[in-house]
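Novice: Attaching a single structure in structure tokens format; questions to follow.
Values quoted throughout were computed directly from the atomic coordinates according to the rules given, and no laboratory measurement underlies them. Note that the coordinates shown come from a computational prediction; the quantities given were computed from them, not determined experimentally. Positions of Cβ are generated from backbone atoms using ideal geometry, with glycine treated the same way; all protein chains shown enter the neighbour counts.
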Amino acid sequence: MGAGAGRSTADLLSEIEDLKSKIETIHGRISEHHREMTALQGEVAQMEATRRSLLAEVERRSRPPDDVRITDHALLRYVERVFGIDVDAVRREILTDGVARCIELGASTITVKGIQFRVKYRSIVTVIGGDQKTHRKKSKAHHRGRRPERDDVNAHLADYYSPEDTND
């Protein structure tokens with residue numbers, strides 16, 4: 001005979017209810033452990049963030065003295081405030097309507113009065129004086145076998161070349 005053949009239906013139903021009760025108890029404990037685990041994971045994440053922050057601070061404080069530097073922003077503010085240089089006036093002197101138009105037309109280098117303005121992503125990123133050496137790289141257009149058009153760019157530089165200008 002099979003298992004449970006000698007038991008009554010009432011006994012089997014009672015055992016099923018007992019098993020269901022145990023399942024509910026286990027399910028409750030699992031849910032409780034999930035909540036605890038989630039809380040612990042949050043705490044671990046917070047501790048990890050704190051640990052990373054502390055490690056970064058230790059690294060920052062452990063740098064040798066030769067790593068001490070001044071940012072370009074601080075240097076510019078010093079020149080502006082201590083030497084009394086009007087930085088916005090200098091900005092206007094560099095970024096005239098003609099230069100802006102050249103940038104809009106896609107120029108990557110603009111030369112005005114022997115000074116080169118290098119352009120990247122529609123911004124002047126560096127200035128090279130007439131007495132400084134430049135690294136001559138071939139343009140992408142050159143590599144593709146065509147020369148970039150310069151007539152439009154040069155046409156918009158007329159405001160730099162006024163007849164009364166004798167500083168060239």
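Novice: Among Gly28, Ile16, Leu40, which residue has its Cα positioned farthest towards the positive end of the charge dipole of segment 10-62, with +1 placed on the Cβ of Lys and Arg, -1 on the Cβ of Asp and Glu, and the dipole taken about the Cα centre?
Specialist: About the Cα centre, the residue reaching furthest to the positive side is Leu40.
Novice: Kindly write out, for segment 53-70 in residue order, the coupling ³J(HN,Hα) from the Karplus curve 6.51 cos²θ - 1.76 cosθ + 1.60 (θ = phi - 60°), rounded to whole Hz, with x marking Gly and Pro.
Specialist: With coefficients 6.51, -1.76 and 1.60, one gets 5, 5, 4, 5, 5, 4, 4, 4, 6, 8, 4, x, x, 6, 7, 5, 8, 10 Hz.
Novice: Packing-wise, with mean Cβ within 10 Å as the measure, how do 54-61, 118-125, 101-108 rank, highest first? Don't skip to the answer; put the middle values down first.
Specialist: Values: 54-61: 9.2, 118-125: 11.5, 101-108: 16.9.
By packing density, highest mean first, the sequence is 101-108, 118-125, 54-61.
Novice: Looking at segment 1-116, what % of the alpha carbon pairs are farther apart than 22 Å? Please list the in-between numbers first.
Specialist: Numbers: 4996 of 6670 pairs.
Considering segment 1-116, 75 percent of its Cα-Cα pairs are separated by more than 22 Å.
Novice: Given the alpha-carbon gyration tensor of segment 10-62, what are the semi-axes of its equivalent ellipsoid in whole angstrom, ordered largest first, with each equal to the square root of 5 times an eigenvalue? Write out the running numbers ahead of the final one.
Specialist: On the way: eigenvalues 507, 6, 3 Å².
After diagonalising the Cα gyration tensor, the semi-axes are 50, 5, 4 Å.
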